[in-house]
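Working notes for the structure below.
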Amino acid sequence: MRIRINGDTHEVDVDVRTSLLDLLREHLGLTGSKKGCDHGQCGACTVLINGRRINSCLTLAVMHDDDEIVTIEGLGSPAALHPLQAAFVRHDGFQCGYCTPGQICSAVGMLDEVAKGWPSLVSEPGTDAVALTDEEIRERMSGNLCRCSAYPNIVDAIRDVAGAGA
């Protein structure tokens, strides 16, 4: 199969049962996405597929022929951090760092959802624009767990970037 990851096309021959996460980590050496629970409950493996966030442990690699996949490695580089990567550093939005790649990928997807006006469970009903309050950010990021409890700093980092884009 041909799979496009971080702008590069890869020809891969993998078992049809291989998860996207295992393809990334074990076959392509892209180890930024972490295997936390391997059941879609922690969000450590979150990547962007065609701009939408997805738990890569829950999807098969063969399902993503011709899709555009972006991992944490594709968002920025040490010399040119993505704005969310820089904000996580600035706001100390990580402690052990294990969940950070998934948190950042999820935040990128979440901010795109907000920009498109997609509501969440806590969005004010009947309004066109989504107010990105702390409660809204927490709800939208609830699929990404941080065992070190850096949540306040993660929210601060996301709010910082959201404010810069407004």
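The values are calculated or read from the model by the stated rules, or taken from the named source; none is laboratory data. Predicted model, so just to flag it, every value in this text is computed and none were measured. All Cβ positions, glycine included, derive from the backbone under ideal geometry; neighbour counts span all protein chains shown.
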- Query: Does T31 meet the test of being surrounded by fewer than 16 Cβ atoms within 10 Å (Cβ to Cβ) and modelled with pLDDT of 95 or more?
  - Reply: yes
- Message: Criterion first (among the hydrophobic types (A, V, I, L, M, F, W, C), assigned to a loop (DSSP other than H, G, I, E, B) and in contact with a helix residue (DSSP H, G or I) (Cβ under 8 Å, 6 or more places away or on another chain)) does F88 satisfy it?
- Response: no
- Note on the structure: Residues of the range 59-89 being of a type in the set (A, V, I, L, M, F, W, C), under 25 Å from R17 (Cβ atoms) and within 14 Å of the chain's Cα centre (by Cα), in sequence order, are I69, V70, I72
- Task: Answer yes or no as to whether G74 is out of contact with any Phe, Trp or Tyr (no Cβ under 6 Å at 6 or more places or on another chain), surrounded by fewer than 23 Cβ atoms within 10 Å (Cβ to Cβ), farther than 26 Å from T133 by Cα and at pLDDT 95 or above.
- Result: yes
- Note on the structure: Note on the range 34-43: residues surrounded by 15 or more Cβ atoms within 10 Å (Cβ to Cβ), without any contact (Cβ under 8 Å) to a residue 40 or more places away in the chain and not acidic (D, E) are K35, G40
- Looking only at residues in the range 122-147 that are surrounded by fewer than 18 Cβ atoms within 10 Å (Cβ to Cβ) and of a type in the set (D, E, K, R), which one is farthest from K35 (Cα to Cα)? D128
- Message: Can you go through V16, V47 and tell me which one is surrounded by 19 or more Cβ atoms within 10 Å (Cβ to Cβ), modelled with pLDDT of 95 or more and not aromatic (F, W, Y)?
- Response: V47
